[in-house]
Amino acid sequence: EMTLKAVETEDEWQHINTEMLGRLSKMTKREHFIETLIEKFLKSTAKKIEDLVQATYQHDTQAFSDSIHALKGSAISVGATAIYQTCITIEQHNLTPEVMRYNIKTLKHDFQESSQELNRYIQMHSS
């Protein structure tokens, strides 16, 4: 029973690190800690993506970099590995308008997928 479950879960989560979320929730006795953490992350990430869109329109590479850096930090803190990896990839590029536009598309996609997985994680783990 257990081994089968483990194999299933590996394929199930492609954008988030559930092991990390599990460790986080074990570290605290606070009720709804993970739910709150995830909800805050989803809200702030939506806002950061808006900021990135804004920075792209204004060709503001500094604001774009700052937002990517902030997003990278918050993504790793909730185990949102796909978003984190995309941020690292972006940081390695020269920020041309094309690169900025293309990567916002990627981030929006990652965010959508990650949100679904994070919400599913919450549903599975809230009593």
Mind putting a number on the dipole of the chain about its Cα centre? Charges go on the C-beta only, +1 for Lys and Arg and -1 for Asp and Glu, and I need it in Debye to the nearest 20. 400 debye
Sparse-neighbourhood loop hits (trypsin sites (Lys or Arg not before Pro), the range 19-55; DSSP loop; Cβ within 10 Å at most 14 others) -> Lys29, Arg30
How far is it, in nm, from the label point at Lys105 to the one at Met27 when both lie 7 Å from their Cα along the line to the Cβ? 3.7 nm
How high is the relative contact order of the chain? Use alpha-carbon pairs under 8 Å, at least six apart in sequence, and give a whole percent. 34 percent
Can you order the peptides 68-74, 56-62 by their average number of other Cβ atoms within 10 Å per residue, highest first? 68-74, 56-62
Carbon and sulfur together cover what percent of the accessible area of the chain at a 1.4 Å probe radius? 54 percent
Under a Gaussian network model of the chain whose springs join Cα atoms within less than 10 Å, the largest fluctuation of Asn94, Asn17, Asn103 belongs to Asn94
Sequence gap of 8 or more, or different chains, plus Cα separation below 23 Å: how many lysine pairs satisfy both in the range 7-127? 17
Please report the projected area of the range 54-123's Cα convex hull averaged over all directions, in nm². 4.4 nm²
Kyte-Doolittle cut-off 0.5, length cut-off 20 Å along the helix's own axis using Cα: show which whole DSSP H helices in the chain pass. none
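The values are calculated or read from the model by the stated rules, or taken from the named source; none is laboratory data. Please read all numbers here as calculations on a predicted model, not as lab measurements. Cβ coordinates were reconstructed from backbone atoms using ideal geometry, including for glycine residues, and neighbour counts include every protein chain displayed. Quick note on the areas: whole protein, heavy atoms, side chains included, nothing else; ligands and nucleic acids left out. Shrake-Rupley method; radii C 1.70, N 1.55, O 1.52, S 1.80 Å.
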